[in-house]
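Novice: One structure, as structure tokens, below. Some questions next.
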Amino acid sequence: MENVEAPKKKKMSKVLIIGIIVLALIIIGLQSDSSPSQSVTQTTAPSVQSDEPKLELKAFNCEYDSNFYTISGQVKNISDTSLKNVEALGQTFTMDGQYVNSEDSLIDYNPILPGQTSPFKVMMTMNPEMKRCKVSFKFLMGGSISATRAASSN
């Protein structure tokens, strides 16, 4: 009978050791999965934004045809840092100023370097009520960007 019990204990200890190893690997995997996401969150979190303008709206146009309403123009980075993932936010309004629709789109240059001017274009499906438009800027993952208007812009 001793010979029968010995293999069971040996088999039981192997299962226990394998279980401990698997558990350790799972714990290590969970720790390594959480570390990169924490560092990514810290590096991509928006910084405290100042009221100082970072962009200058050089010019913009609002045009429409039977299918699309397009807001296009040029924006210049007037800050001393590169700006990544900048979006133009186009909004449309009725003749008396009631909101109709909005759409956003990344500007053409990503990142936009200090002193650089980038074109942008925001397109949306045409609605006959769209008579006026305005444009502002934001980061892709949130956070508005303060902008000033050039003397010659609309």
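Novice: Could we say that Ser66 is of a type in the set (Ser, Thr, Tyr) and under 20 Å from Ile145 (Cα atoms) here?
Specialist: It is false that Ser66 is of a type in the set (Ser, Thr, Tyr) and under 20 Å from Ile145 (Cα atoms).
Novice: Now for a separate question. Scan the range 92-116 residue by residue and report those that are touching a residue at least 40 places away in the same chain (Cβ under 8 Å) and surrounded by fewer than 19 Cβ atoms within 10 Å (Cβ to Cβ).
Specialist: Phe93, Gln116 - these are the residues of the range 92-116 that are touching a residue at least 40 places away in the same chain (Cβ under 8 Å) and surrounded by fewer than 19 Cβ atoms within 10 Å (Cβ to Cβ).
Novice: Return the total of residues in the range 67-100 being of a type in the set (Lys, Arg) and farther than 16 Å from Ile112 by Cα. Give the derivation first.
Specialist: Our first condition is that a residue be of a type in the set (Lys, Arg); within the range 67-100, this holds for 76, 84.
Add one more test, that the residue is farther than 16 Å from Ile112 by Cα, and what stays is none.
Qualifying residue count, the range 67-100: 0.
Novice: Give the range 47-60 a look and list any residue that's modelled with pLDDT of 95 or more and in contact with a Gly (Cβ under 9 Å, 6 or more places away or on another chain), or say none.
Specialist: Once the filter is applied, which keeps residues that are modelled with pLDDT of 95 or more and in contact with a Gly (Cβ under 9 Å, 6 or more places away or on another chain), the range 47-60 yields Leu57, Lys58, Ala59, Phe60.
Novice: Taking the range 91-112, which residues are over 18 Å from the mean Cα position of the chain (by Cα) and either in a loop (DSSP other than H, G, I, E, B) or among the aromatic types (Phe, Trp, Tyr) (or both)? I'd like the intermediate steps shown before the answer.
Specialist: Here is the first cut: in the range 91-112, the residues over 18 Å from the mean Cα position of the chain (by Cα) are 91-101.
Matches in the range 91-112: Phe93, Thr94, Met95, Asp96, Gly97, Gln98, Tyr99.
Novice: Sticking with this structure for a sec: What about Met141, is it in a strand (DSSP E or B) and either among the aliphatic types (A, V, I, L, M) or modelled with pLDDT under 95 (or both)?
Specialist: Details: in a strand (DSSP E or B): no; either among the aliphatic types (A, V, I, L, M) or modelled with pLDDT under 95 (or both): yes.
It is false that Met141 is in a strand (DSSP E or B) and either among the aliphatic types (A, V, I, L, M) or modelled with pLDDT under 95 (or both).
The values are calculated or read from the model by the stated rules, or taken from the named source; none is laboratory data. Because the structure is predicted, anything quoted here is derived from the model rather than measured. Quick reminder, even Gly has a Cβ in these numbers, built from the backbone with ideal geometry, and neighbours come from all protein chains shown.
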